[in-house]
Structure formats: structure tokens, C-alpha cells
Amino acid sequence: MRIASVGCDRQGFPALLRFLETFPEYRMDVTAVPCLGTVHESMMLHILEDGYQLLLLAGCPLDSCFNQKGSEFAFRKAQRVNALLTEAGIPKRVACAFVTADKIGEIKRVLESIVSGQKGEEP
Amino acid sequence: MKKVLWLYEGEDNVPLPQIQAVEEKIGVHVEVRSLGEDFSSENLEQVLILGSSFSWHRERLLEFALQRSINPLQVRFFPWQEVQRIFPTTASKLLEHFLVETLKRRESYPAQVVKLLPERKVLVLPRPEKALQEVFSRFGIPVYSPQPPFLVERDGVNFVLSGESFHEKVGSVVLFPEWQEEPPLRIPMEVEETGKILPLARFRNLLSQKKFREKTVVFVVPPQSHSLKDWEEVFALARDLSRSQKAKIWVLAEEIMVAAPQFERLYRETRSEGALFEKTKISTIVLQPTLDMQGLWVEFETERDRYHQRFRADWVVYVPKRSPLPFGASSWWRGDAPIEVFFDLENPNLPRFSTSLQGVFIASQFDEEYFLELAQTVDTYLTQGKIAVSDCTSVEEEKCVLCLTCLRTCPWKAIEIEGKSKRKRAHINWEQCHLCGICMAFCPASAIGVNSLYPEDFFMITTTGSGEK
Amino acid sequence: MIVGERKPVTEIIDNLKGYRKVLVLACGTCVTVCMSGGEKEAQELASLLRLKGFQAQAQTVERQCEKEFNLQLQTGICACEAVVSLACGIGVQVLADCFPRVPVFPGLNTTFMGAPVEQGIWEERCSGCGECLVHLFGNVCPITRCAKSLLNGPCGGSRGGKCEVKPERDCAWQLIYDRMKSQGKLESLLEVQPPKNWSFSRYGGQRKMIREDVKL
Amino acid sequence: MSFLESVLQRGIFAVTAEVGPPKGTERSVIEKKCLQLRDYVDAVNITDNQTAIVRLSSFASCLIARECGVEPVMQMVCRDRNRIALQSDFLGACALGIENFLCLTGDHQSMGNHPQAKNVFDIDSVQLLSILNDMKEKKIFQCGETLKGEVKAFLGAGENPFADPVEFRVYRLAKKVSAGARFVQTQAVFDVEMFARFMEEVRKMGLHEKTHILAGVIPVKSPQALRYMQNEVPGLSIPASLLERMERTKDPKEEGVRICVEIIEKLKTIEGVRGVHIMAIAWESIVPEIVQRSNLYPRPRKEVG
């Protein structure tokens, strides 16, 4: 499936690149934002409109987000978008992975849990 | 002809043929340099840094722009090192694509990186002890603490104190909050009368006097209490009481704090001793005195399964809610948004003592060492100052509906409401702004624009060919 | 401010059966402030609809309850087959009045007149009864905030300052009592409040205000 | 003058009970209950769709009760009828010789079996009292127009001494009295001390002189029932000791009766309590025993004619 991913330039983005480097079997489109808090619902949906099945948000761990709440905001917004998508019966999802540049296992876990059916929104 | 400068880190081989291709394609002159070398920044269209995403987060880019005094929006970073390794075959194509895209979307904003140095003076409230003053003077930081009444207002990174007789500018404020402690839940008179409900501190004194064998003790911990100390104490008390005195312990809280070192362990120990932890909305806990007035009926609904609990407690111990503002601060603080207190456990990414208001520090202890640490923090803040970017954010006057969402959500309290009466508009104080863009994401009228250092409207690295894993 | 909640997407989609070109129309006033019908939400709904195969566009009107603003959209609206209005019930109706031929569907459920109590939480404060009495009750409106609208409350179900109908809701009369007590005005709660005149309220039928002096 | 009123005026410790009409049309249900109670109580409250559950109407049930020779107390709640319906029902009831009325606000419909219903609450219990009182004393409707014919009515109210804010309850009672409540039936008393405190306040304000206060009691069949009340019925104060007693006992029914009788004995001693109101819902059969065992039997006889 086609995966898009957005990472915050502090932790998420480097982590995503590191991830792609270590797990070549995964391929996804990557972009960086100053903070995950920047990513809002309509932006998520816009990205999904570009033909991706999954949008992966990667940011700082919730309790140590540089912008204090950015990751948390993103997480809640993602949940809301997922709710909307399920409601509208659209088979696309937004997932969150809260990582540090050296804890990329989380990303794999989230992706796998998505692939294996259940949503892996919870950090 | 416009110039594009490639600066590369390390010995990465730069794909010159592609560069030539790009040069022809979009008619720019591309200069290639290693990061070490210096260069003239006149009529630079674009500075493109090729390096590793680990080392080139935004703060560093800003510093770079600052040193070379270049518009930060002209500095773009491309994670060349990773990309090479991830997409060995298509790396240079991606690079080309990136450059083309970057140059295509060239609206130049007059953005500027500025290093802001706050006034090297600190306001301490309430009036500081000699010891603290000395410590600060050791760092050569004059301490102010005028006699109220006076007013503190934010002015960029600085704070302006104004009273009848004086008008002083300080770069930092240190607060020693005088916690007004209040119970986290409504206590009806008849409940108070039982004397069976009391704050943690008073309960501590009781421990020696009273027996708690087989008694039911309820701890109520409000969400505001970020203080590790409180939680540590609650955990310890709960554990020891249930262990040594076989007391029946309930801990009612909205969030159970385990996110600190050792806490996970403490928590598990306490549970294994038989103490019950329940998540519930503190405000919905209902207390009623028992007939004999020797205990309290405690009623609440568990968050897990909405199960209605009601039981008799011999003691109800609450961790007091602490109001974040120091003694009468509201009377002298004319801030746009209230100060929130962050305790050290709150966020490892923020310096100790720091609050959500840049330059405002909160302290709670009174010993030499602590003062020293505090003074150091303030000193670093005052000497390093802050790198800010001007004209990078914008609020579209006619779109803004003054819903105050940005004011409430900005983690750095950088939003101010300016103007009079009907003409009021939200305004971003760029000296305080960290360009996180959270306000932009929240603004329901999409009136806020942040020309951040990364493009959001196209993908920076696009996998070529099949995205199939 | 008027607070509304977005209708379930499924409901909106069902309403739009048989239409292709849809315009999602946001309103730039109350519902923007309560984050249910502003530009963002319009964009959001538009992309959802596009994902469902509609040709959806999003636009914003300053205030849909003003003809003048709506009429500026003439071209845009006439170009589409149906409109989903994210304004409150008022906006939807005024919009429909402006474009009687275009099918307009409500995208929100208009819920109440209220205020934000904190970021993300809105609470009802007024039910527009047409005869304000709040000053008698320590400026806590029992008509809106008491489940039984008691003027001589509290009822027997108030416990621990909470309402018996919904325990997470404060008992309006507890609030009134506390406020009046703190103001030392308890005795004014002792006089029997006479039956209220509901004729100024919705029960008196649709209401209308005419100001001869400002009419043209 | 209604029999209940005369009993109270003669200073006799009054006893009233409560009968809930059936969820159907069998008048026999009411008749049976009334016949059980007839000789043991001075009057019987007929509930008005209590807990917002639809039942045979209070008005009709009152008539049936009278035919069985029981003096009814017609309960009227403000949940289902506006001031017009309430006033007209009142007139009708008076015309048919019903003399006791208990004005209540009524449980919220969300508690009952039609939670979707729109409540009326056009007026509240205090306002209803004052309206009916004006109809009785001044012969005027709420709108001010005069009504013809005489209105014989003994008006009462309920009050819950145990709900929050407790300190305010007595004042609310005062309002009801000044609005025209000649008798008051309280929420069931389990917590006698708390009730005593309440009565103390009442006496301080001299309310016990202005109105007849009947303390409510409920005989409980089982510990479950007691716990249910404790958790589900808002504004009931039930001491732990009672719960324990009910749980410990071999024979809960007997224990329930004993507790009830004890409470009545205690209530008798509280100054200002003029009687008891026994709410033996779905257990009317026990009332005679309770009345006898708390030495309130025999009851004064109705003067014939």
C-alpha cells in the first residue's frame, strides 16, 4: 500500500529516514514539518486524497515534545480524522508513532499493526 | 543570473552532471562548496545544505542563517546523506526534483533571523532573600523587586515593570509562587464538620498520633498536581499503610503519574500491597457524612467501565489543588495568557524552572544550591538569548474572527490580542514565537500563516517506482 | 454565541444522494468560533466528500444569516447541484431564502446558545426565554441550567452540588445558592418567585422585533 | 374540613400512607390496597405517575379510593401539566369532594419510562401551591379572574430535608409554607439525627406552628432494597448502621418492620412532628402491622355523614 509520512524536524523526520534506511522493505513518501502540531485535519485528508492508503505521523514522545503539546494535538486530531473516515466508510487511516531518532522500532510496530488489520493509533 | 549555493557536509560526492542538468533546466548558476569554506552571500537565490537530518534541525539552520545573515527562508536543507543510502539509484533524481520544486515556489519573504538578548536584569517576586540576591550578583545579574503596586507587561522578550515612580525593563522574571492551596473537590459543610477530610500535609502529622489498622483511607489527587513530590508521597503512604497497618487504600485521580524515574516500580509495589487505584473525574466525586459522623460516604464513577462505586471511608486525604499564579500575581500581571507552572518532570526538552512564558521562571525551594542552579539557568537564558525569526508568521486581519483559539493553544504564549474595541485582532509576537505552527493548525478560520522553513505543500522525498513493501 | 455540532458524515452523505457537484459553505461567525462550521471544517468535509466520489468545493461566507453576504456567492452556488451549509439553522434558512432553487442541506445540528468555558468545551448559558431574570439568581440562569427550570429550586435531587439528571452537570441551584450566599443576598432567594410569563419565549410562537425608528 | 385536617387540628398524631396506582386499568388493585389500609390510616396519598412512569391517573384513583371509604390525598406534579390543566384538575377534584392535595414538582422524565417526553415544568411546586392557595382563599385563578363556588381544600407540600444544599432546605420549606402549605410530608427519614437537626431549624423559624409536618418513613423488605435506595434515589441519607442491621439479620422483613417502628417511635418524640407518612410502596400490606406495633392504632373514627 502507498504510505505517506510526516515527521517533525526534531525527532520524527530523522527517525523516518533512519527507519527507511534500516528497513528497505518499507517504502514511503516523507516530508518534514516544524512540529507535528502543525498537521491539522484537513491537511491530513488532503494528503490522503493524493492516493495514499495510510498517513503516518512521526513526532516527539508525548511527554517530551519540544513544543510541549504538539505531538498530543496531532494524536488527537489523527484520532478524529480516523473516526470521520470510518464513519464515512473510507478505507484510509492516519497513524501516529511517537519516536526519538534512535527508537525507530516504534514505527515498525505501528506500521505492522496497521498492515495486520487493527489500527495502531495508540502510542 | 541568480546564484544557488550547494554546501555539503562530509566527503559526500556531489552529482555534478545532475547539477549541470538543473542549471540548464531552470537557468541558475550553481556554486558548490564544502561547508567549511566561506562564501559571499550577495544575490544568493538559495542556499542548499546537503547533510544529515540528525545534525540539521531547525535551530541549527537558523543559527547558520544568522551567522551568514541570510534570509532563513532561503536556506533549505536536504538530507543528502540519508537519501543517498536509502535510494542509491534515484538519490540524485530526488535531489534534482527537490531543487526544482524549491526554486519553483520562490516567493521571497523579508524574513530575518535575529538574536534577541534580553535585558540583563531579573525581577524576583516576592521580595528575594539576601542569599538569592548574592547568588545572582555573583553572575552579575542585578535583581529588582519593587514594592507593589506596579504592573508587569510583556514587551518582546523583555518585561516592563511600571509603578508611579519607576519604569524598569527586565529580561527575566523569577517567581516563588505562594501556593494558595485549595481542595480539588467541593466539600459541603456537613462533610467538613466530620473532620475526616484533610489535606496531605495535615494527614502526615496524623500518622504518628492515629492508628489506621483496617481503616479505609482515600487519597484524592487532582490533575493539576504535577509535583512529583506529592505523587511520591501518596505512593509511599499508600504502600506503607496497606503493608504495615493492613489499611484499605483507595487512590482516586484523573491521571496516575508513572512517567517519572522509579514511579513505575513504586506504583506496582503499592498495587501489590492491595491499594486500589481508580481513574475518575475528581469533580464528580460526591462525599456525604455517615450518620455517626465518624466517616464519609465516597461516591464516584470509574472511568474504565462507568461503574458506580459507593463505599464508606474513615479518612479522605486530598492533595491540594495549587493555583499556578503566585500571590496576587493577577493584580500586577497584565499578560495575554496566564502563566502555567511546569515542574521539572513535565518536559525534559525545556530547561528546568521554565514556564510556558519565555523568560518567566518558577522556583520553589530556598537553599543555596537550588539558588545557584536557578541563577545558572537564568544566566544562560540571558546570555544566550533567543534566536527569533521576524516576518515569518502572519495573521490575516480580515480572516481572523477573534475566537482566541490561538491565544489559548499557543504553547509559548506568543499570541497577543492587539487593537481597541471592535478592531481587535490576534497578533503573533515574533520575538516569543517558536514557529511551531500549532496556532495555524488550530485556527478555525485559517487566518494564520507560518512560512516555516520546510515546505508543506509537496513531498520532500518521493519514493520513485513502486511504493509496495 | 450560537453553538452547533457537525452532523454525522453518513447523514450528510445520504442527504447528498443523487448529486455530484456539491458546495460546502462555511459560516465565518459563531460556528467558526465553536469550531464546527468554519473554513477548516468546510475544507475537511469537502475532502471527505471528494474521497467519497463527489465533486466538492468549500467556500466561506462572513455571516450566512445576512442576505447581502450570501448573494455575493451567486455564481458559485448556481454552478453546483447542491449546497451543504455549515452555518447554524438560521444561516441555512437565510441561504435557502436567497437561492430558493438550489437544494440546501444542513451540515450542523444547531445545539444551543452558550460560551466556551475552556478550550474545547462549550456550555449552554441562555435559552432565550425573552424575559431575563438572571439578576434574581446571582446571574446563574436557572431556566437554562436547571433540568427542571425551577425558579424556586433546588429540587430534591440535588446532591453534592450535582444534578440528579446528569451527575457531571452542576446543580444550577447549588451555584445560585453559593453565589447569593457569597454576596450575602440569601434572603432574596426566600421570596416566592411567581409563575414566569412564557409568552415572550418560543412558547409564544415565532418572535419578531420591530424598531420603527430604524426602519426605512 | 378534610378528615386529615381535622385529625391534625385535634392534635392527634396523624398517619398517612401511600398507594401507587397500577400500570393498567384494574381498579381492583387500588381497591385491594385501600381496603387493607382503611382502618389504619387517616388518609392515603395517591401518587401522580411517580418516578415519571405512566400509571392510572391520580385523579381517577382518588375517586376509587374514596369509594372504598379511604380519604385520598391527591398528588399533583408540575412535570406533565401546565397551570391550566393543573387548575382545572384542581377544580374538578374539589367538585367531586377530594379535599387533600399534595403539590410536588415531580421527578424528571428522564427517570421514568418515557425519557423522550417533553417536560412541562410551566410552574414549580411552590408556584402551584400559591396558585391553589389563591383559588382557595381569594377565589381567583392565577390570571386574576375570579372563580365561582367554594373551594374546600387542604393543601400540602413535600420537602426533602436531606438533599443539598442542606442548610437551605428549611428556608425552602418556609417558602412553601408562606405559599400556602398547610401540611408537609417529608422524604423518607432513615437518618433521624439529621432529621432532628432539620426540625430544630424548623422550630427556630416557628414553621411547625404554621404547618403540620408529617415525617416520611419507608419499611424496607431487604438489604438489597435499602442499598438500591441508597444508590439510586437521590437525596436519601441512609446510615451505615441500618445497612449493617439489614445485612446481619436472619429475617430481613421482620427487621425492616422493626427498624421502621423504631424510627416512628423516635419521630414521635421530636417536637413539631405531627404525624408520619408511611410509604410502603408495593408492600402496603405491612402498614397495618407497623401502625399497630407503633401504638398508633386504633385511628380516630370518621364522623359519619
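The charge dipole of segment B:2-107, taken about its Cα centre with unit charges on the Cβ of Lys, Arg, Asp and Glu (plus for the first two, minus for the last two), comes to roughly 340 debye. Inter-part distance, segment B:373-432 to segment D:81-97, computed on C-alpha centroids, equals 66 Å.
Selection among B:G156, B:Y144, B:A131 by position relative to the dipole of segment B:119-226 gives B:A131 as farthest towards the positive end (Cβ unit charges, Cα centre). Only protein heavy atoms count here; on that basis, with a 1.4 Å probe, C:K215 has an accessible area of about 110 Å². Taking R0 as 41 Å, what's the FRET efficiency between B:V100 and C:Q59 from their Cβ-Cβ distance, rounded to 0.05? E between B:V100 and C:Q59, to the nearest 0.05, is 0.80. For segment D:156-166, putting each phi into the Karplus relation 6.51 cos²θ - 1.76 cosθ + 1.60 with θ = phi - 60° gives couplings of x, 9, x, 8, 10, x, 9, 8, 7, x, 3 Hz, in residue order, rounded to whole numbers and with x for Gly and Pro. Pair-distance distribution of segment D:233-305: all C-alpha pairs, bin width 5 Å, starting at 0; shares per bin in whole percent are 3, 12, 20, 23, 21, 11, 4, 2, 2, 1, 0.
Tell me, what % of the accessible area of the protein assembly as shown is carbon and sulfur with a 1.4 angstrom probe? Heavy-atom surface of the protein assembly as shown belonging to carbon and sulfur, 1.4 Å probe: 52 percent. Proximity of backbone amide H atoms, modeled 1.01 Å from N, is registered between C:K7 and C:L108, C:N109 at under 5 Å, excluding neighbours fewer than 5 places apart on the same chain.
Translational diffusion of segment C:30-186 was estimated from the Stokes-Einstein equation, with Rh taken as the Kirkwood radius over Cα pairs; at 20 °C and 1.002 mPa s the coefficient is 116 µm²/s. Within a straight-line Cα-Cα reach of under 18 Å, C:K21 can be paired with the following lysines, leaving aside sequence neighbours fewer than 8 residues apart in one chain: C:K52. When only the Cβ of Lys, Arg, Asp and Glu is charged (+1, +1, -1, -1), the dipole of segment C:128-193 relative to its Cα centre reaches about 200 debye. Counting heavy atoms of the protein chains alone, B:M257 has an accessible area of about 40 Å² for a 1.4 Å probe. What fraction of the DSSP beta bridges in chain C is antiparallel, stated in percent and rounded to the nearest 5? Given both bridge residues lie in chain C, the antiparallel proportion sits at roughly 45 percent. Just for the protein assembly as shown, what percent of DSSP beta bridges are antiparallel, to the closest 5? Bridges in the protein assembly as shown that DSSP calls antiparallel: roughly 30 percent.
The calculated 222 nm mean residue ellipticity attributable to helices in chain B amounts to -8000 deg cm²/dmol, summing -39500 (n - 2.57) over DSSP H runs of n ≥ 4 and dividing by all residues.
Diffusion coefficient of segment C:2-111 by Stokes-Einstein, Kirkwood radius over Cα pairs, 37 °C, 0.692 mPa s: 249 µm²/s. Computed from phi, the 3J(HN,Hα) profile of segment D:281-295 under the Karplus parametrisation 6.51, -1.76, 1.60 (θ = phi - 60°) reads 5, 6, 8, 3, 4, 7, 3, x, 4, 4, 4, 5, 5, 9, 6 Hz, with x in place of Gly and Pro. Pairwise inverse Cα distances across segment B:2-107, averaged and inverted, put the Kirkwood hydrodynamic radius at 14.0 Å. According to the calculation over all Cα-Cα pairs in segment D:3-293, the P(r) per 10 Å bin from zero is 6, 29, 37, 23, 4, 0, 0 %. Buried area at the A:C interface is about 1200 square angstrom, summed over both chains, from accessible surfaces computed with a 1.4 angstrom probe.
Counting heavy atoms of the protein chains alone, C:C141 has an accessible area of about 20 Å² for a 1.4 Å probe. Buried accessible surface for the B/A pair, both sides summed and rounded to the nearest 100, is 3700 Å² with a 1.4 Å probe. Considering helices alone, the calculated mean residue ellipticity of chain D at 222 nm is -12500 deg cm²/dmol, with DSSP H runs of length four and up weighted by -39500 (n - 2.57) and normalised per residue. Ordered by 1.4 Å accessible area with all protein chains kept, D:R301, C:R169 run largest first as D:R301, C:R169.
Is segment C:95-211 rounded, prolate or oblate when judged by the Cα gyration tensor, a ≥ b ≥ c being the square roots of its eigenvalues, rounded requiring a/c under 1.5 and prolate requiring a/b larger than b/c? It comes out prolate by the Cα gyration axes. For segment D:151-305, the convex hull drawn through the C-alpha positions has a volume of 134 cubic angstrom per residue.
Each of D:I218, D:A240, D:L8 was placed along the dipole of the protein assembly as shown (beta-carbon charges, centred on the mean Cα), and the one lying farthest toward the positive end is D:L8. A Cβ-based charge dipole, computed about the Cα centre of segment C:2-111 with Lys and Arg at +1 and Asp and Glu at -1, lands at about 340 debye. Qualifying GluC sites (Glu not before Pro) in segment D:1-36, where qualification requires a DSSP coil assignment and no more than 12 other C-beta atoms within 10 Å, comprise D:E26.
Beta-bridge orientation, segment B:181-323: approximately 40 percent antiparallel, per DSSP, counting only bridges with both partners inside. For peptide D:187-197, the mean count of partner chain Cβ atoms within 10 Å of a residue's Cβ comes to 1. Amide H contacts for B:T355 (H built 1.01 Å from N in the peptide plane; partners 5 or more residues away or on another chain; cut-off under 5 Å): B:V360, B:I362. Kirkwood radius and radius of gyration were both taken over the C-alpha atoms of chain B, and their ratio Rg/Rh is 1.07. Projecting the alpha carbon convex hull of segment C:128-193 along each direction and taking the average yields 4.4 nm².
Applied to segment C:125-139, the Karplus parametrisation 6.51 cos²θ - 1.76 cosθ + 1.60 on θ = phi - 60° returns per-residue 3J(HN,Hα) values of 10, 9, 10, x, 6, x, 8, 6, 10, 3, 4, 6, 10, x, 6 Hz, with x for Gly and Pro. Hydrodynamic analysis of segment B:140-298 uses the Kirkwood radius over alpha carbon pairs. Inserted into Stokes-Einstein at 37 °C and 0.692 mPa s, it gives a translational diffusion coefficient of 173 µm²/s. Taking amide H positions as modeled 1.01 Å from N, with prolines and chain starts lacking one, the residues under 5 Å from C:V61 and 5 or more places away or on another chain are C:A26, C:C27, C:G28. The helix-only estimate of mean residue ellipticity at 222 nm for chain C, built from DSSP H runs of length n ≥ 4 each weighted as -39500 (n - 2.57), is -7500 deg cm²/dmol after division by the residue total.
Remark: for residue pairs B:K196/B:K246; A:K69/B:K196; B:K196/D:K268; C:K185/D:K204; B:K279/C:K7, the C-alpha separation exceeds 29 Å in A:K69/B:K196; B:K196/D:K268; B:K279/C:K7.
Farthest towards the positive end of the charge dipole of the protein assembly as shown, among the residues B:M440, B:L241, C:L150, is the Cα of C:L150, using unit charges on the Cβ of Lys, Arg, Asp and Glu. Computed over protein heavy atoms with a 1.4 angstrom probe, the accessible surface ordering of B:E31, C:E62, largest first, is C:E62, B:E31. Taking all C-alpha pairs of segment A:3-115, those more than 24 Å from each other amount to 16 percent.
Across the alpha-carbon set of the protein assembly as shown, the Rg to Rh ratio works out to 1.04, Rh being the Kirkwood radius.
If r is the Cβ-Cβ distance from B:Q147 to B:R408 and R0 is 41 Å, what FRET efficiency results, to the nearest 0.05? Taking R0 as 41 Å, the efficiency between B:Q147 and B:R408 is 0.80. Remark: for residue pairs D:K33/D:K118; B:K104/B:K413; D:K33/D:K221; A:K77/B:K93, the C-alpha separation exceeds 23 Å in D:K33/D:K118; B:K104/B:K413; A:K77/B:K93.
The values are calculated or read from the model by the stated rules, or taken from the named source; none is laboratory data. A quick note: this is a predicted structure, and the numbers were derived from the prediction, not measured. Glycine gets a Cβ as well: all are built from the backbone with ideal geometry, and neighbour counts include every protein chain shown. Please note that ligands, DNA and RNA were not included when accessible areas were found on the heavy atoms of the full protein model with its side chains. Shrake-Rupley method; radii C 1.70, N 1.55, O 1.52, S 1.80 Å.
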